[in-house]
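Here's the structure, in structure tokens; my notes come after.
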Amino acid sequence: MEKDLVERLRGTSINPKTLLSTDYFNHFNGVIMILDMLPDLPELMPEVEAWSFVTYPEHFDRSGLSIAELAKEAYRHCPEAIKAGFDELIGEMRLAVEQARGELRLLTAQGTERFAALAKQSAEQLQRYVAQGSSLINGTNAASDQSDIDALLSAP
């Protein structure tokens, strides 16, 4: 890792300890917003159908953010214990969207109260995942391996 990477992260949305950015969750926030509106606007279901997962680096490639290259560089140096927890959480989020989409697709034709409840429930579950991910990224998750973070910051 370059000596000055942590220094270059100052003033950005990339956490200098975990080397991750909460900007990635913007990818999920769009589908969360649609799921939240779906009970009142079921005609938005095609928007849920159109959502497709992108990885952390892909998100930054598509983001147009000024920190995109730095975010991808930092991600490559993310401590392994943190990255593993992050990747596991992202996998759970992806699965939650895909499961919700499949179940909602089946309920769309029925127009039931279950459709509205499932959409709302799915949005809330994903919001909890975003909060959990934000805690992990900001280094407030107990699952973060402090020794990996300490080693990163003391690296020459």
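Quick note: the coordinates plus some simple rules give every number you see, no bench work behind them. All of these numbers come straight from a predicted model, not from anything done at the bench. Positions of Cβ are generated from backbone atoms using ideal geometry, with glycine treated the same way; all protein chains shown enter the neighbour counts.
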Taking 0.36 nm per residue of separation between residue 98 and residue 26 and subtracting their Cα-Cα distance, the length gained on full extension comes to 24.2 nm
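Rounding to the nearest 20 debye, state how big the charge dipole of the stretch 5-144 is about its Cα centre with +1 on each Lys and Arg Cβ and -1 on each Asp and Glu Cβ.
Values: 13 positive and 19 negative charges, 73 e Å.
Taking the Cα centre of the stretch 5-144 as origin, the dipole is about 360 debye.
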Within the chain, which is the longest segment that contains none of the trypsin sites (Lys or Arg not before Pro) sitting in a DSSP loop with at most 10 other Cβ atoms within 10 Å? 11-156
Difference of contour (0.36 nm per residue) and Cα-Cα distance, residue 138 to residue 112: 5.4 nm
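Quick one: compute the contact order of the chain, relative version, from alpha carbon pairs under 8 angstrom and 6+ residues apart, as a percent. Display every interim value, and only then the final one.
Details: 144 pairs, mean separation 55.2, N = 156.
It rounds to 35 percent for the chain.
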Assertion target for 40, 87, 23, ordered by fewest C-beta neighbours within 10 angstrom first, is 40, 87, 23
Under a Gaussian network model of the chain whose springs join Cα atoms within less than 10 Å, the largest fluctuation of 54, 97, 130 belongs to 54
Which one of 131, 50, 116 has the biggest mean-square fluctuation once the chain is modelled by GNM with Cα springs under 10 Å? 50
With the dipole of the stretch 1-138 worked out from charges on the C-beta (+1 for Lys and Arg, -1 for Asp and Glu) around the Cα centre, which of 51, 115, 16 lies farthest toward the positive end? 16
Eight or more residues apart or on different chains, and alpha-carbon atoms under 25 Å: count the Lys pairs in the chain matching that. 6
Pick from 106, 70, 19 the residue whose mean-square fluctuation is largest in a GNM of the chain, springs joining Cα atoms under 10 Å. 106
